[in-house]
Structure formats: C-alpha cells, structure tokens
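Notes follow once the structure below has been shown.
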Amino acid sequence: MDTLENIKKTPRELFAFLCKMTAKEDWGVARDIADELANLGAQGTWLELAYDLADGLKVIFQASENVFSLEEELSANQTELIIEAQEWVSNKLGLEIPTLVFELTSNDDGVHAITGINGFGLIIINEESLKEKSLLVHEITHCTLMSRSLFLDEGLATIFQNSIINKNVILEEDYWDRPSIASLIESDWSNDPYFTHVVPVGIFNLGAPVEGDDKMHRLSAYLVQLLIDAKSIDYVVAQWSKLKPQLKDGRTAAVFQKIFGVNLWEIDANFISELNPIALIKEEKSFLDITTKALMEGDKIIVNPYLPTLRVKAFKSNDDLVALIKTLILLSFNDKDENKNKLFHTEALVAMDWAKDRGCNEKDLKIFDAYKYVFKLKGAAHVINIRKLGTQTSEAFEKLIKEYPNDPEVIITCAKAQKVSYYDMLSIEEWRGKLNDVVNKKDPLFYIAAKKLLNDPKYLLEN
C-alpha cells in the first residue's frame, strides 16, 4: 500500500496520491501531502487546489485509477471515453497515463486545461464537450506533456486532436502576413496579447480552438509535424521539456536548427514563395532609406503600412531585413503604451539574430546590439537590475559612438540615447558639433532628426 513515505516526492505523484486520499476521506494523510506540496514550492491555483482537497472544501470522486472528478461523479460512459482518450495519447507519446481531475461546468463555458505538471492536470469541461473524444485528446495531450512554450504545446495538441479523427491541418493563403515563426514561438502565449494582435486565434490560451478561428493553432501544428517528420515522435518527446529555457533572446531559430535540423527561416520563405501574396506594397524608393529616416525622426506613422511587406521581403534581401528590424525598433519605443511596445520586442530580437547569421552590415549589427540592452532595460523590474542594465546600456552606446564617431546614423542614434543615459558619453559642445556636421551635409535621411536634436533642451548650450 502506498504511503507518503514510500511514493516518489514529485508534484505529479503527490497530487495523484492526494486525489486518492481525499477520495477516501483520509484527511490526515491528505493534509500532510498538501503541506509537502507547499514545501516543494506549489503556488497559485495548484496550492489552492491542494488545500481545498485536503481540507474537504472540494469534494472529489474517483472514477478509475487515473480519473477523478470534482463535486459530481462522472458517468460510466464519460469515464470510458476519458480512459480511451488517455490511453490513445499515452500510446502516441510513449509516456505514462496521466492522472486527470475533471470539473464539469455549464454548456456555455469553454473548455480548458490547467496544466504545468507533466502527467497531471485539471480539465474544466462542459458535458457536451465531454462527448467529443478529439477535444479530450487535445486537453489530455497538454496534461501529459508540455514544453511550456504554448505555441509549440498548442501545435502538438492540435496535431493529436486532428489525428484521432483523421483530419488534415489546413493553412490559409494569408499565412505570410505575420511575424516570423521563430518570434511567435518565443512569445509567451499565456500573458502576451501578441497572437491576437497579429492573427485572431479565438480562445488562444484556453485549450481547444474554436472552429474556424484556430489559425495560429494550425500554424503551430504544421511546424510540430515538420519536427516529427524530420526526427521522430520519440525524439520530439525526449526534447520537449528541455526546450523552453533555450527559446529566448532571439535564439529560437538557431536552437531549432541545432536540435531538430529544421530551418525556421526556410519554412517562412517557403510560405512566401508558395502562397504568392499579392497584397504587398510596391515602392520605388529603398525600404531601408524609408525606415532609416523614420527611425531617426521617431515617426512610426511612416513605417506602419510597410510592416507586412517588410516581413515578406526580409527573406529575400539583407537590406530589407535591416529595414524590418529598424521598423520593429521604432514600433517598440515610439508609443506611450508599454504593453503594446512589448509586442514587437521579441520579433526584433529574433530578426537581429537572423541578421547576424545572414552577415548583414557590421555597423547595423553593432547598432542592434546596443538596442538589445535597451530592450532588456525596458523589461527590467528589480531596481538593482535596472541600475546594472542602465549602466550597460550607456556603455554600449558610448562604445558605438567612439567606434563610428562621424557616422550620421550612429551620431543621431547615440544622441537620442544620451538623453536618457546614466552618464554623459560626450560633452554638450561635442554633441552639438557632431549634430551640426550632420545638418550641414543636408542628407535627407538625417537632416530633420539632427535639427530636432539641436533644438532639444538636452543639447542647448545654456544647459
């Protein structure tokens, strides 16, 4: 007989044991298990559930070895269908059958799984949805295995949901009009409105997608299927839980190339060439000139219409990739809404990493490296981190102006950074001299930006 002393002290095993003990109304052991989960660091919804069960505040019923329900019992037919779905998912993944807790809601409520512990999950579902084996498969997949990169997890769950009913994943013709796949993977689907901002996805973090509004789920499913085809389902499963810590700071494309041998940039390029988009802006002027001027002047209105076009053209030209990055930088910082700004940070970082791999202009890469510190500074919360990153950011721009002391783009970029820098890189007289030099050259890309800075209170000599 299992006791608290002889079971594995993992969250999964402890929660499964807690469900069994509370179903038997063994409150003493149940309370010990809840305390053990608290000691292991359980928090939020999971800690509340543990103590609600241990204190008898929620009634739990055991329907089978690995199936439980809250407040009301499952019928024999419901239990049988759940067990079938459990076994199907476990067989596909080659993993143990998960312990599941079901909470039945009204038919007006959505279907979603509370997950985070591989091998254990709480599925909140209405009775009509509980009749759909494919929906059960979707949620049970989440409960069995998660990478915690929710874009990828929705892809895996959607593959299985479609597979059990022999349905193919179909992509629409406008899948080119979005950020790169690498940046979509890095975005945190659970907290960031990035996905609904770019492509409507319906109930995007509440489990099974709404029919006809599951665009991003299908795109992620397409990608995960490519990973499985490139390696194997066993290989993908073995790597899945190791991915999340590596998918950050623009490195996702490199990680996928190394682990799965899949080139995310090539996948995106294939979308573009195969779907032949027609809604692109044709511009006689250089996109790079347009975006450089806009970034120098801080005018996002200029670049907003070009963003979808640049996302496409970036795959074909280094200049257009640099133009895309400059657009994303501008959209990140030229807006009072900080939450909206963050939508572009990840895409910019991924594109910067790509620009380095593509061998873009060295000066541009160094400018981008300085902006990376700005992104980190914007995302810092702790006062110590803010001070440290603030110093690093100032040093990055100071290094840049010393390396390219006469370059007009660098002068304006660093002069704008100087306005909020932790210390002076140059004296006011030196800044004014450099900005006047830019004005005197009358280059249309930099003239207006330099004039504006010369009239900024920061650079007036009486200061």
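Counting only helices (runs of 4 or more DSSP H) that sit completely within the stretch 356-429, those holding 3 or more residues that are assigned by TED's automatic domain parsing to the domain that holds Thr292, within 21 Å of Lys452 (Cβ to Cβ) and at pLDDT 95 or above correspond to 408-418. Consider the stretch 12-41 and keep the residues that are basic (Lys, Arg) and under 18 Å from Gly119 (Cβ atoms). The one that is surrounded by the fewest Cβ atoms within 10 Å (Cβ to Cβ) is Arg12.
When Phe315 is tested against (1) of a type in the set (Phe, Trp, Tyr); (2) modelled with pLDDT under 95; (3) not in a loop (DSSP other than H, G, I, E, B), just one condition goes unmet, and that condition is (3).
Does Glu430 satisfy being of a type in the set (Asp, Glu), closer than 30 Å to Asp319 by Cα and over 29 Å from the mean Cα position of the chain (by Cα)? No, not satisfied. The residue of the stretch 104-116 that is modelled with the highest pLDDT, among those that are buried (at least 21 other Cβ atoms within 10 Å of the Cβ) and not small (Gly, Ala, Ser), is Val111.
Ala157 meets each of the listed conditions (1) touching an Asp or Glu at 6+ places or on another chain (Cβ under 8 Å); (2) under 29 Å from Ala30 (Cβ atoms) apart from (2).
Just to be sure before I move on: is Leu343 modelled with pLDDT of 95 or more and touching a helix residue (DSSP H, G or I) at 6+ places or on another chain (Cβ under 7 Å) in the structure I sent? No: the conditions fail for Leu343. Of the candidates Glu128, Glu139, Glu132, Glu96, the single residue that is crowded, with 24+ Cβ neighbours inside 10 Å, farther than 17 Å from Thr45 by Cα and charged (D, E, K, R) is Glu139.
Is it true that some residue in the stretch 8-23 is free of Cβ contacts under 8 Å to residues at least 12 places away in the same chain, outside any loop (DSSP other than H, G, I, E, B) and under 24 Å from Asn126 (Cβ atoms)? The answer is no, given that none of the residues of the stretch 8-23 is free of Cβ contacts under 8 Å to residues at least 12 places away in the same chain, outside any loop (DSSP other than H, G, I, E, B) and under 24 Å from Asn126 (Cβ atoms). Residue-level check: of (1) in contact with a helix residue (DSSP H, G or I) (Cβ under 6 Å, 6 or more places away or on another chain); (2) surrounded by fewer than 17 Cβ atoms within 10 Å (Cβ to Cβ), Ser421 misses just (2). Filter the stretch 54-82 down to residues that are part of a helix (DSSP H, G or I) and in contact with a strand residue (DSSP E or B) (Cβ under 6 Å, 6 or more places away or on another chain) and give me whichever is surrounded by the most Cβ atoms within 10 Å (Cβ to Cβ). Looking at residues that are part of a helix (DSSP H, G or I) and in contact with a strand residue (DSSP E or B) (Cβ under 6 Å, 6 or more places away or on another chain), I get Ile82.
The selection criterion, being within 28 Å of Leu223 (Cβ to Cβ), surrounded by fewer than 16 Cβ atoms within 10 Å (Cβ to Cβ), of a type outside the set (Phe, Trp, Tyr) and modelled with pLDDT under 95, does not hold for Ile272.
The values are calculated or read from the model by the stated rules, or taken from the named source; none is laboratory data. Note that the structure is predicted; figures quoted are calculated from it, not measured. Note that we place each Cβ from the backbone using ideal geometry, even for glycine, and neighbour counts take in every protein chain shown.
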